[in-house]
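Just below is one structure, and these are the notes that go with it.
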Amino acid sequence: MKNTPPHHFNTISEYHRFRGLPKPEHPLMSVINLDEIRNFPTDGQSSWIFDFYSIALKRNINSTVKYKYGQQTYDFDEGIMFFIAPKQVFSVETEGDYKLSGWMLLIHSDFLWQSPLRKTINQYDFFSYSANEALHLSDKEETTIISIFQSIKQEYVSNIDKFSQPLIISQIEVLLNYSDRFYHRQFITRKIFNHKILNRLEEILNEYFNQDSLVESGLPTVQSIAKELNVSPNYLSGLLKTLTGQSTQQHIHEKLIEKAKEKLSNTNLSVSEIAYTLGFEHSQSFSKLFKIKTSFSPLEYRRSFN
């Protein structure tokens, strides 16, 4: 396979030209029917960097096409969505010709200027999810998303007036909110996959806190655990909050407090020694966290067993 340097698209117009599409009808946004794209890469890896947001719904993906986000590979079938923020890298590996169907919405951040969405759009965690965390849609959900794409396109191809921008922005917000809802549904419905993550999380935390190397390595981080689970930190926390009501950091703290209680009740180690074995540089930090989580200081908890 041949590899090529990433294509960097500064404008939506540049992307249209690259894909063999007509000039966009609006310079700062575009809704693209993927059936109309003429230029698809073949036999190799192609990478893109956009200076704008991309929200895509793709179908008819076959086994000869692999989508990547960084070094991760998408795990999806038909009817999937993925979300790319400006400056992120998206890659495709192909063998032979291929053809996609679906829709893509491109939005330059300047289009959101002076609207609340300009700031709040970055609060949607799925713009920072890894590629293997694509959103899988049901037929009904897919119909809902496509109707919003089409409504946005219909609005900006009509006569532009003072109502156009706020109407389009409101529809983009609806699209993002539905996507957020569908992701939370996915957290719940993909039970086997999600329970494997929960079980593996428990194993990882037990391995962390049962080893002596915490003295050298320190406390586990959300990032290190997410990496071991092969998911992004934001996706992991979103999944855990939906399934358990607690974030990844809270799960780490719960396991830490559990181990601290064991040592306080079953050993003669001092509070400072326990803090050290659990990865804390300063015992005061350990004591403060223990007090927050249990309403007791470590010494008060130990005295309760005497």
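Looking at K99, K68, K140 in this structure, which one is open to solvent by 10 Å² or more (accessible area, probe 1.4 Å) and at pLDDT 90 or above?
K140
Tell me which residues, restricted to the stretch 18-52, are within 14 Å of S101 (Cα to Cα), at pLDDT 85 or above and either touching a strand residue (DSSP E or B) at 6+ places or on another chain (Cβ under 7 Å) or among the polar types (S, T, N, Q) (or both).
Of everything in the stretch 18-52, those that are within 14 Å of S101 (Cα to Cα), at pLDDT 85 or above and either touching a strand residue (DSSP E or B) at 6+ places or on another chain (Cβ under 7 Å) or among the polar types (S, T, N, Q) (or both) turn out to be V31, I32, N33, L34, D35.
Just to be sure, is N266 buried (at least 18 other Cβ atoms within 10 Å of the Cβ) and out of contact with any Phe, Trp or Tyr (no Cβ under 6 Å at 6 or more places or on another chain)?
Criteria not met by N266.
Restricting the search to the stretch 220-244, which residues are closer than 20 Å to F286 by Cα and either touching a Phe, Trp or Tyr at 6+ places or on another chain (Cβ under 7 Å) or in a helix (DSSP H, G or I) (or both)?
P220, V222
Looking only at the stretch 175-218, count every residue that is open to solvent by 60 Å² or more (accessible area, probe 1.4 Å), among the aliphatic types (A, V, I, L, M) and either in contact (Cβ under 8 Å) with a residue 40 or more places away in the chain or not in a helix (DSSP H, G or I) (or both) and tell me the total.
Residues in the stretch 175-218 being open to solvent by 60 Å² or more (accessible area, probe 1.4 Å), among the aliphatic types (A, V, I, L, M) and either in contact (Cβ under 8 Å) with a residue 40 or more places away in the chain or not in a helix (DSSP H, G or I) (or both): 1 in total.
Just for the stretch 105-125: of the residues that are touching a residue at least 60 places away in the same chain (Cβ under 8 Å) and farther than 18 Å from H26 by Cα, which one is surrounded by the most Cβ atoms within 10 Å (Cβ to Cβ)?
So, considering only residues that are touching a residue at least 60 places away in the same chain (Cβ under 8 Å) and farther than 18 Å from H26 by Cα, the one surrounded by the most Cβ atoms within 10 Å (Cβ to Cβ) is I121.
Under 8 Å between Cβ atoms, at least 6 apart or on separate chains: pull out the pairs that start in the stretch 276-297 with a residue that is at negative phi and end on any residue that is assigned to a loop (DSSP other than H, G, I, E, B) and of a type in the set (S, T, N, Q).
S287/S297; F290/S297; K291/S297; F296/S304
The values are calculated or read from the model by the stated rules, or taken from the named source; none is laboratory data. These figures come from a predicted structure and were not determined experimentally. Virtual Cβ from ideal backbone geometry, glycine too; neighbours counted across all protein chains shown. For the accessible areas, the whole protein counts, side chains as well, though only heavy atoms, and no ligand, DNA or RNA atoms are used. Shrake-Rupley method; radii C 1.70, N 1.55, O 1.52, S 1.80 Å.
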